[in-house]
Amino acid sequence: MATPHQHGRTQYFIEGEGLASSDMTSPRLKQLFAHHLAAAAAPVPAVNAKRAFRFCRMFPDLAKFQPDDSSLIALGQALNDPFVAGAGDSDLPAGFTYLGQFVDHDITFDRTDGIPDGSLEPKDIEQGRSPALELDSVYGRGPKHSPELYEADGVRLRIGTTTGRALFGVTKSFPNDLPRHPESDPAHPKQAIIGDPRNDENLIVAQTHLAFLKFHNAVVARLTASAAKPDNLFAEARKTVVQHYQSIVLHDFVPRLVDLEVWRDVLTNGRKFFFPKGAPSGSRLGMPVEFSVAAYRMGHSLVRNAYQWNSVFSSDGRAGFVPRLNLFFEFSQVSGDLGGFPTLPSDWIVDWRRMFDFSEQPGGGRHPQLNFARQIDTKLANDLQLLPEFATAEQEHLKSLAVRNLLRGRLIGLPTGQDVAARLGVPSLTPAEVASGPHAAVILASGFDTQTPLWFYILKEAELRQGGMRLGTVGSRLLCETFHGLIEGSDYSILKEADWEPSLPAHRGDHFTMNDLLIFVNDLNPLGNGH
């Protein structure tokens with residue numbers, strides 16, 4: 001069993017690193033997560049115990065697939081996506097890749113101590129926060145118990161300031177960074193003061209978190225200016241933000257990723273497999289590992305090797321280059337050092353028009369440098385095969401995020417893709433289909449053509465049945481049912497309010513979108529086009 005300071009390694013193995021978590025071998029990361037976990041473990045009001053939950057299985061009676069690690073490592077190391085500009089893009093705006101990571105961090109935070117040498121049961125994985133979509137990654141434990149996240153009024157969330165520099169002419173500072181401890185703080189230098197430190201592990205998810213901080217503050221300003229100002233301004237603002245966020249996830253994010261027939265079936269007829277009649281009396285919703293360790297890991301396939309970022313860092317920008325993925329880890333605090341600056345350099349502020357498609361809005365237009373996510377397929381960006389946290393020879397294979405995912409599935413004892421397809425009552429991929437493509441030799445050598453790791457199966461199903469543009473039937477069912485259940489389990493659930501509609505400006509009357517949020521915040525391109 002691991003010692004307590006290795007808690008983050010357990011988190012990495014089991015759940016919740018989103019796109020690429022850092023291992024706890026880094027002294028800075030040990031310090032960061034030790035501080036965060038100490039705060040999480042401190043005595044808290046009964047509400048935390050009430051919201052506590054554990055992981056669960058959606059299909060507890062299916063056999064656990066336990067292949068040998070060497071075959072999983074060989075398969076994971078084969079999942080490379082060559083860096084070819086434009087090739088393999090989907091029609092999904094790339095901002096949704098990192099919205100997906102932000103959502104992942106909202107619903108997962110593993111506090112399990114240690115990591116076993118063999119298998120691990122979901123009941124043994126203790127979750128430290130609510131699985132419901134309630135933005136506790138943003139709000140922490142609220143103004144009373146997480147005052148460091150809030151302004152002195154106990155209502156508005158704190159915002160950080162960027163650092164101007166002369167290098168590319170962006171010398172001004174902007175209110176466009178996460179709030180941070182000062183560089184001189186010996187215990188937490190530059191650490192983001194946010195509800196979940198993982199949201200500062202790469203710049204794109206950090207800027208997404210910032211957008212939600214600003215969204216809350218904009219909602220507070222709107223409610224304050226209204227004729228009927230609520231008595232409990234914070235509570236009303238949080239409910240408004242969370243419900244509009246749930247609408248984004250259920251009606252904007254998920255349907256872009258899944259088979260729309262499955263999505264409509266779940267919305268119309270409810271869930272068939274994930275607590276189909278709601279959580280049993282006296283129990284709470286758990287997080288199904290088939291979702292968290294397999295289906296939702298499809299997001300790793302969406303990651304690009306490089307992004308057109310803003311008017312400085314783009315193909316025609318002042319810096320003269322399109323930044324590779326590794327730079328977005330450098331300009332964060334968890335994985336990098338903010339480029340050596342005390343806060344984010346001003347020239348690294350996002351231009352959201354390059355990450356989301358505003359031609360979807362009435363009168364809007366598509367930026368000519370809009371980034372699209374990669375297809376959902378059996379290839380991962382090369383930079384995700386070369387994550388730098390593992391330097392020792394025995395850990396060399398763990399530089400590959402694909403290897404990590406496959407080993408995690410074995411550790412938790414996931415069923416095969418074929419078994420899940422049979423349980424869902426849908427046709428499974430044939431052995432020839434699973435073994436098609438450049439990974440055939442590895443797959444056949446390990447017998448994975450007939451017994452396929454669930455994560456790889458879901459990627460292959462999307463690749464073959466949906467041309468990489470959406471998940472196939474198995475992946476879609478796991479994704480739709482889980483998100484539907486986690487939203488229904490929220491204290492603020494839009495599914496529990498008959499005919500819920502947005503109260504904030506939305507280009508469609510029945511649901512709210514990520515574009516609507518960014519337009520409401522009114523901070524699409526802080527740098528403008530003059531830099």
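The values are calculated or read from the model by the stated rules, or taken from the named source; none is laboratory data. Values in this document were obtained by computation on a predicted structure and should not be read as measured data. Ideal geometry is used to build each Cβ from the backbone, glycine not excepted, and the neighbour counts take in all protein chains shown.
I'm trying to understand the selection: among the residues of the range 321-338, which are modelled with pLDDT of 95 or more and of a type in the set (G, A, S)? Within the range 321-338, no residue meets the criteria. Identify the residue in the range 55-100 that is among the polar types (S, T, N, Q) and more than 20 Å from the chain's Cα centre (by Cα) and, among all such residues, is modelled with the lowest pLDDT. Going through the qualifying residues, I end up with N80.
The lone criterion from (1) under 28 Å from the mean Cα position of the chain (by Cα); (2) in contact (Cβ under 8 Å) with a residue 40 or more places away in the chain left unmet by G437 is number (1).
From the list I458, I443, the lone residue that is surrounded by 15 or more Cβ atoms within 10 Å (Cβ to Cβ), under 27 Å from D61 (Cα atoms), β-branched (V, I, T) and under 28 Å from the mean Cα position of the chain (by Cα) is I458. Within the range 247-264, residues that are at positive phi reach no partner that is of a type in the set (F, W, Y) and part of a helix (DSSP H, G or I) with beta carbons closer than 8 Å at six or more positions or on different chains.
Filtered by the rule that a residue be assigned to a helix (DSSP H, G or I) and modelled with pLDDT of 95 or more, the range 412-422 gives G417, Q418, D419, V420, A421, A422.
Do we find a residue being in contact (Cβ under 8 Å) with a residue 40 or more places away in the chain and under 17 Å from F291 (Cα atoms) anywhere in the range 379-396? Among the residues of the range 379-396, not one is in contact (Cβ under 8 Å) with a residue 40 or more places away in the chain and under 17 Å from F291 (Cα atoms), which makes the answer no. In the range 394-411, is there at least one residue being part of a loop (DSSP other than H, G, I, E, B) and over 20 Å from the mean Cα position of the chain (by Cα)? So far as the range 394-411 goes, no, none of its residues is part of a loop (DSSP other than H, G, I, E, B) and over 20 Å from the mean Cα position of the chain (by Cα).
Is there a residue being more than 22 Å from the chain's Cα centre (by Cα) and of a type in the set (G, A, S) anywhere in the range 170-184? Looking through the range 170-184, at least one residue is more than 22 Å from the chain's Cα centre (by Cα) and of a type in the set (G, A, S). When the test is whether a residue is under 18 Å from G472 (Cα atoms) and touching a Gly at 6+ places or on another chain (Cβ under 8 Å), V262 does not pass it. Quick check: is even one residue across the range 244-252 of a type in the set (D, E), touching a Leu at 6+ places or on another chain (Cβ under 7 Å) and assigned to a helix (DSSP H, G or I)? Taking every residue of the range 244-252 in turn, none turns out to be of a type in the set (D, E), touching a Leu at 6+ places or on another chain (Cβ under 7 Å) and assigned to a helix (DSSP H, G or I). Can you pull out every residue in the range 367-393 that is at pLDDT below 95, outside any loop (DSSP other than H, G, I, E, B) and surrounded by fewer than 22 Cβ atoms within 10 Å (Cβ to Cβ)? Within the range 367-393, N382, Q385, A393 qualify. Go through the residues of the range 318-325 one by one and say whether even a single one is surrounded by fewer than 22 Cβ atoms within 10 Å (Cβ to Cβ), aromatic (F, W, Y), in a loop (DSSP other than H, G, I, E, B) and without any contact (Cβ under 8 Å) to a residue 12 or more places away in the chain. Yes, because at least one residue in the range 318-325 is surrounded by fewer than 22 Cβ atoms within 10 Å (Cβ to Cβ), aromatic (F, W, Y), in a loop (DSSP other than H, G, I, E, B) and without any contact (Cβ under 8 Å) to a residue 12 or more places away in the chain.
G364 falls short on exactly one of the conditions (1) at pLDDT below 90; (2) of a type outside the set (K, R); (3) assigned to a loop (DSSP other than H, G, I, E, B), and that condition is (1). Restricting attention to the range 144-170 and to residues that are without any contact (Cβ under 8 Å) to a residue 24 or more places away in the chain and within 20 Å of V220 (Cα to Cα), the residue that is surrounded by the most Cβ atoms within 10 Å (Cβ to Cβ) turns out to be Y150. Among the residues here, V205 does not qualify as assigned to a helix (DSSP H, G or I) and over 24 Å from D104 (Cα atoms). Which condition number in (1) touching a residue at least 12 places away in the same chain (Cβ under 8 Å); (2) of a type in the set (G, A, S); (3) surrounded by fewer than 24 Cβ atoms within 10 Å (Cβ to Cβ); (4) more than 23 Å from L471 (Cβ to Cβ) is the one that G340 fails? Exception for G340: condition (1). Looking at L518, L527, just one residue is buried (at least 19 other Cβ atoms within 10 Å of the Cβ) and in a loop (DSSP other than H, G, I, E, B), and that residue is L527. Only one of the numbered conditions (1) modelled with pLDDT of 90 or more; (2) of a type outside the set (V, I, T); (3) within 18 Å of the chain's Cα centre (by Cα) is not met by G128, and that is (1). Go through the residues of the range 473-494 one by one and say whether even a single one is at pLDDT 95 or above and surrounded by fewer than 17 Cβ atoms within 10 Å (Cβ to Cβ). Looking through the range 473-494, none of the residues is at pLDDT 95 or above and surrounded by fewer than 17 Cβ atoms within 10 Å (Cβ to Cβ).
Being crowded, with 23+ Cβ neighbours inside 10 Å and assigned to a loop (DSSP other than H, G, I, E, B) is a condition met by no residue of the range 423-439.
For A235, indicate whether it is modelled with pLDDT of 95 or more and over 18 Å from the mean Cα position of the chain (by Cα). Here the answer is yes, as A235 does meet what is asked. Within the range 254-282, the residues that satisfy the criterion of being in a helix (DSSP H, G or I) and crowded, with 21+ Cβ neighbours inside 10 Å are V254, V262, W263, V266. Screening the range 280-316 for residues that are farther than 27 Å from T416 by Cβ and aliphatic (A, V, I, L, M) and picking the one that is modelled with the lowest pLDDT gives A306. Test R470 against the stated conditions and say whether it is out of contact with any strand residue (DSSP E or B) (no Cβ under 8 Å at 6 or more places or on another chain) and crowded, with 21+ Cβ neighbours inside 10 Å. In short, yes. Inside the range 450-471, can you point out the residues that are farther than 13 Å from D419 by Cβ and free of Cβ contacts under 8 Å to residues at least 60 places away in the same chain? E461, L464, R465, listed by residue number. Condition check: surrounded by 22 or more Cβ atoms within 10 Å (Cβ to Cβ) and not in a strand (DSSP E or B). Does R238 satisfy that? When the stated conditions are applied, R238 passes them.
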